[in-house]
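Notes follow once the structure below has been shown.
The values are calculated or read from the model by the stated rules, or taken from the named source; none is laboratory data. As the structure is a prediction and not an experimental result, all values here were calculated from the model. We place every Cβ from the backbone using ideal geometry, glycine too, and count neighbours over all the protein chains shown. Surface accessibility is based on the protein's heavy atoms, side chains included, excluding ligands, DNA and RNA. Shrake-Rupley method; radii C 1.70, N 1.55, O 1.52, S 1.80 Å.
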Amino acid sequence: MLVIPRKQAVESPSSSDEEPIRSEAVSRPDASRLVGRLGASLRSRFGDSVEASVDRGSIRLEGEAPSYDDKVSAGWLAARYGFKGVVNDIRAPGEADERLEPRGAADSSLDGSYYDVAIVGGGVIGAAIARELTRWDLSILLLEKESDVAAHTSSRNDGMIHDGFAAKPGSKKAAYNVRGNRLWEPLCRELGLDFKRPGSLVLFRTAAAAALYPAMAARARRNGVDGWEFWSRARVAAEEPNVTADQRGAFFLPSAGVLSPYRATVALAENAAMNGARVALGACVLGMELDGGSITALRTNKGSVRAGVVVNAAGNWADVVAGMAGDRFFSLHQRRGTDMILDAETASAQRHILGMPRLLQLHSKTKGGGLVLTVEGNVLVGPTATESPGREDYATKPEELDRLTRHLRLNTALSMAQGITYFSGVRPCTYEEDFIVERSERVTNLVHAAGIQSPGLASAPAIAQDVAAMVVEAAGRFRRVAPRAGWRAGRAAPPEPRRLGIEARDALIAGNPAYGRVVCRCEEVSEGEIVDAIRSIVPATDLDAIKRRTRAGMGRCHGGFCTPRVMELVARETGLPAWAVTKKGPGSELCVGPTKAGPRRSRGDAAARGDASGGAS
Amino acid sequence: MIRRLETDVVVLGAGPAGLAAACSAMEAGARVVVVEREERTGGILKQCIHDGFGLLRYGRQLSGPEYALRDADRFGSLGGRAMLEAFVTSASRLEAGGFELACVDRGGAFLLRSAALVLATGCRERTDRQVFVHGDRPAGVFTAGLAQYMINVQGLLPGRRAVILGSGDIGLIMARRMTLEGMEVIGAYEAKPEPSGLSRNLRQCLDDYGIPLALSSTVTAVHGGRRVEGVTTARVDGAMRPIPGTERDLSCDTLVLSVGLIPENELAKSLGVPLDPRTRGPRVDQNMHTLVDGVFACGNAVHVNDLADYVSESGERAGSSAAAYALAGPGSPSRVRRLSPLSAGPGCLYVVPQLLDLAALADVARADDVCLYFRSSSTMASGAVARLAAGDAPGAGGATLLERRYRALRPPEMERIKAPAGSLAVGPARPAEPGPGASLIVEPIEPEDR
Amino acid sequence: MSERKELTCIECPRGCRLTVEVDGGRATVSGNACPKGAVWGAQEAVAPMRTLTTTVAVEGSARKRLPVRSDGTIPLARLLDAMEAIDPVVVRPPVRRGDVVASDLLGLGVDLVATDDLLGEDR
């Protein structure tokens, strides 16, 4: 068995930028010839352990690979042959048996219901689609298996609204990124969200790199990026005095923005709910019923839901959800990214997003990572990009953190000691490394928004527009669709006392004293804000959900002080006992029960020995 | 209308440091306002239900709440009232001198002006991510203080089977407390080659219950996505890096961290108060006066103390000094300080105060005993001598100003020297110049020397 | 027969290392910096005793637990028994520090007393 050399496996993330073997859709007579060539190519790498076949227009890979990297490399290789998609059923060591499973107990709250549109997945894509669809007089259901929206990839990214420069020219990514970048700013205004456009500096390390400026400009022009310019070394030093001396100027992309990805998702879901969409939390799709090439019902842990049109926005599970509809024409692989958040004191350390990608990454599908600003201003380091199995495996690893230290060198005012926390996210990637935004070719009433990896957040509003149009078209087959009367674009964002002037803050507290009781001291979050989150139209009932909405527990003490207070507020508002309050939904209870609950388990093993033989202290 | 209050001294925090400061300031004749975030005074002592507090101050072993009640009684008898559930949102120095704090409580926003400010803001705990524990972020990872609050104040059991990372005192106390409440404590893991907590806590919190302590060992990863399912431990080398091949997986549902405390000084920073990188608290003189005139600091906000008694002691000093400062008024000659550095010399991890105000030392009316708090930088098990030498250069060979001998010194156990003001004659020849300073040198005594 | 034990004194934060020689009923303590250490060491070598600090449940108050302590020492080996005996104890405000909340714990002649005030005005 041949093993792909490690170097190649690691560096081939740029494979989709390589010349495709076939660029247009594969015609039937071509298929057998191409799959033969692919088979030969796979045999030269894997021996006979991997096989390729054509399955209804897509390439299907089967067999065994010596490593997950090899499995992914085989997928990338297959993607170059221009088929509809790559279904990668190769087995590799380290892959766990993962199932799409509900978190909590089953109920029948959705049983027998009907919706014109059912959206599977409450990430930023599903929430944006739901909100976009509420412009029409359709009944809409957003299904989210977790206890809150934005529980996965949408809360585990750097919040950057990319300029669109990095995406491969001609890709869906490039088009949606540039469109989405323009849409976010007005959208944030409507939803009462912060949006900043600090711009991004791609620093040149060598004079040779600076000579690439014309090529970079050409690419930016091809992608339709809004504005760019070359900054001299002196200008970079003047505008960013803390930047490393090891720079030879920069490519400046003023359109790069930042926002809070989870607050944006919550705001989109809340606005959708205000406009009549039903947001079902803790609702997991377990299967689908089909009749004559159409989905008739979704089987969920909350009962059977009939749906006119189904949208697959299931993030890292989108291939599984496609499979439920008999439309598994692609597989997702997981690319983990780790980010580190630095203390709020770093807010004055830099004004722009900083990056220094290696030359090869100019043509890469993953950006090199760097020093991003959060919308609050503190610096966020990352992300890394590592192929790694596990759709929801967010364990951080020391080597990922080590990689982040490389970025810290870009800014001399930063150090690892300023880190408050670090976390991982998982990008759902197709082997073509591009988005899938289309109506199913096999199922009449299914629309896919899948493979939405980076720059998915930046692209979300544009993807939502197109998906909504596809849904309206599909729904038009069974009913007349008219604009919704009284649709409201805006959302009254809940008050944030810390941002008010003293007079306004005083007035707010006079109306509700709970806004005067500070619960989270690091982020200055009041009881009133936490109660608002719990009582939201898309309620936050666990600690992570409250943290995403209010920032309580996000600061430097990391919840050390406010956790018990927030638990008590959740208990008071929901009627749960305090010990049953969870960190992130069922299975993540913070405590096991009250104290004073009977016999001491530890007696007999770690019990008081009562003997007098002195300890070693 | 925004409420406006004006007073001589504002004390931030009503824990043992803040209440001691408030009381001593009131006893010195100053008007005092205490601002406290929580619903009751007492600070962290409210949840420290174990005993062992007050031996120095009251000559007996009190529980945390008992110690805190004594402070509250004294404060109440002086007519003091703390503003409870009140929070300072910003602080600024006024051009005309003094300070203005913007605050909120349930009654609204208000402005608080004072001539002097005492920072008694305590400390916070280091978290798992600050000691680079890897894994996902499941429920079941708690700092020791958080677990203590859950058990002692909320009456909640945080888990069934716990591993403790770190051997700080709160972690040791929680090992016992969790065992008594029916949890199984598998063991404590300390990355350093020596325990961080007091010897008596190793005895009465671990040994009494047969809980093992593994030194030069750490927790490298936590397992589980939703609730902790286990941890990986490993031995560490001299640089505290995990040694490959020594990893062990333990099954548990709770990880309790006792990996250090960090003085809370966000407000001090916003006022431009310079900090000592070793203590992470403000640099202060012997009167707990920071380098910003009118800003005093005490307790764990200055450096992490191992005894509440010392916290109170520094509060007393800060309060009386702040009162004297406030009452002296602008332009008073007693407000003029002549600061000389007091540095941590070889063998000394840190020393507080970091500065000596020579003007106050020379003023007979104000000169008081000076308390020096220090820790040795390494364990000196067979005895040690601490020597205060004139001159602030490392290894200063200047005249010995005072000397103390110890049977043993360990970095976790803080020492305190009460020195007569006269012994610290480190002033320069000409009074206008800063003094050459002094440094505290700590040297081990070899067994044969004793 | 004489037995030698190394102990860490817990009477104060100093944590003296004691050496206790037990010969029949007689214990000789060395290494102590104060007389308390001698008394403690002699007792510890024969039958360790501890003060128990814990909490009791509260009703009729926003506070859930009231801190308590044993007003004397009890055998180390009986601490977990004592904890179980304390489980059912419930207090209602007002309670003042020093008030006995349970008397004669396990028949050991030691009472359980409040170490904090629990007054009616607590929400």
Tell me yes or no: at least one residue of the range B:224-244 is within 10 Å of another protein chain (Cβ to nearest Cβ), closer than 21 Å to B:Val118 by Cα and either without any contact (Cβ under 8 Å) to a residue 60 or more places away in the chain or open to solvent by less than 50 Å² (accessible area, probe 1.4 Å) (or both). no
3 or more residues over 26 Å from A:Glu527 (Cα atoms): qualifying strands (runs of 3 or more DSSP E) within the range B:90-135: B:108-119
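Kindly evaluate A:Arg491 against the criterion of being more than 23 Å from B:Leu257 (Cα to Cα), more than 10 Å from every other protein chain (Cβ to nearest Cβ), at pLDDT below 95 and under 24 Å from the mean Cα position of the chain (by Cα). Break it down stepwise before answering.
Details: more than 23 Å from B:Leu257 (Cα to Cα): yes; more than 10 Å from every other protein chain (Cβ to nearest Cβ): yes; at pLDDT below 95: yes; under 24 Å from the mean Cα position of the chain (by Cα): yes.
Spelling it out, A:Arg491 is indeed more than 23 Å from B:Leu257 (Cα to Cα), more than 10 Å from every other protein chain (Cβ to nearest Cβ), at pLDDT below 95 and under 24 Å from the mean Cα position of the chain (by Cα).
State which residue is farthest from the other protein chains (Cβ to nearest Cβ) when the search covers only the range A:440-458 and only residues that are over 23 Å from A:Ala167 (Cα atoms) and open to solvent by 10 Å² or more (accessible area, probe 1.4 Å). Show your work before the answer.
As a first pass, look at the range A:440-458 and keep what is over 23 Å from A:Ala167 (Cα atoms): A:440-447.
Right, trim to open to solvent by 10 Å² or more (accessible area, probe 1.4 Å) and you get A:440-442, A:444-445.
Values: A:Ser440: 31, A:Glu441: 35, A:Arg442: 34, A:Thr444: 37, A:Asn445: 34 Å.
Residue satisfying both the conditions and the ranking: A:Thr444.
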Among the residues of the range A:78-94, which ones are assigned to a helix (DSSP H, G or I) and open to solvent by 10 Å² or more (accessible area, probe 1.4 Å)? A:Ala79
Scan the range C:80-113 for residues that are more than 13 Å from the chain's Cα centre (by Cα), under 22 Å from B:Arg60 (Cβ atoms) and either among the small types (Gly, Ala, Ser) or in a loop (DSSP other than H, G, I, E, B) (or both) and jot them down. C:Arg96, C:Arg97, C:Gly98, C:Asp99
Since B:Arg124 meets every condition but one in (1) over 19 Å from the mean Cα position of the chain (by Cα); (2) facing another protein chain (nearest Cβ under 7 Å), which condition does it not meet? (1)
Is one or more of the residues making up the range B:50-59 at negative phi and either open to solvent by less than 10 Å² (accessible area, probe 1.4 Å) or away from chain C (no Cβ under 14 Å) (or both)? no
Could you say whether any residue in the range A:468-480 is open to solvent by less than 10 Å² (accessible area, probe 1.4 Å), at pLDDT 95 or above, touching a Lys or Arg at 6+ places or on another chain (Cβ under 8 Å) and assigned to a helix (DSSP H, G or I)? yes
One residue from A:Ser67, A:Ser58, A:Ser109 being open to solvent by less than 20 Å² (accessible area, probe 1.4 Å), in contact (Cβ under 8 Å) with a residue 60 or more places away in the chain and on the phi < 0 side of the Ramachandran plot: A:Ser58
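How many residues does the range C:87-111 contain that are closer than 21 Å to A:Pro594 by Cα and touching a strand residue (DSSP E or B) at 6+ places or on another chain (Cβ under 6 Å)? Break it down stepwise before answering.
We begin by selecting, within the range C:87-111, every residue closer than 21 Å to A:Pro594 by Cα; these are C:87-93, C:101-102.
Okay, now just the ones that are also touching a strand residue (DSSP E or B) at 6+ places or on another chain (Cβ under 6 Å), so C:89-91, C:93, C:101-102.
Within the range C:87-111, residues that are closer than 21 Å to A:Pro594 by Cα and touching a strand residue (DSSP E or B) at 6+ places or on another chain (Cβ under 6 Å) number 6.
Quick one: in the range C:64-97, which of the residues that are touching a residue at least 40 places away in the same chain (Cβ under 8 Å) and buried (at least 21 other Cβ atoms within 10 Å of the Cβ) is farthest from B:Leu180 (Cα to Cα)? Before the answer, list the steps.
We begin by selecting, within the range C:64-97, every residue touching a residue at least 40 places away in the same chain (Cβ under 8 Å); these are C:66-71.
Those left that are additionally buried (at least 21 other Cβ atoms within 10 Å of the Cβ): C:66-70.
Numbers: C:Leu66: 16, C:Pro67: 14, C:Val68: 14, C:Arg69: 13, C:Ser70: 14 Å.
Out of the qualifying residues, it is C:Leu66.
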Select from the range B:48-105 the residues that are under 23 Å from B:Ala326 (Cα atoms), out of contact with any strand residue (DSSP E or B) (no Cβ under 9 Å at 6 or more places or on another chain) and not acidic (Asp, Glu) and list them in ascending order. B:Arg74, B:Gly76, B:Ser77, B:Gly79, B:Ala96
Can you spot a residue in the range B:255-275 that is more than 13 Å from chain A (Cβ to nearest Cβ), within 21 Å of B:Glu316 (Cα to Cα), in a loop (DSSP other than H, G, I, E, B) and of a type outside the set (A, V, I, L, M, F, W, C)? no
All positions within the range A:219-237 that are open to solvent by less than 50 Å² (accessible area, probe 1.4 Å) and under 31 Å from the mean Cα position of the chain (by Cα): A:Arg219, A:Ala220, A:Asn223, A:Gly224, A:Val225, A:Gly227
For the range B:60-89, give me each residue that is open to solvent by 20 Å² or more (accessible area, probe 1.4 Å), without any contact (Cβ under 8 Å) to a residue 24 or more places away in the chain and either within 14 Å of chain C (Cβ to nearest Cβ) or in a helix (DSSP H, G or I) (or both). B:Arg60, B:Gln61, B:Glu66, B:Arg70, B:Asp73, B:Gly76, B:Ser77
Hey, among C:Asp117, C:Asp111, C:Asp104, which residue is at positive phi and away from chain A (no Cβ under 13 Å)? C:Asp104
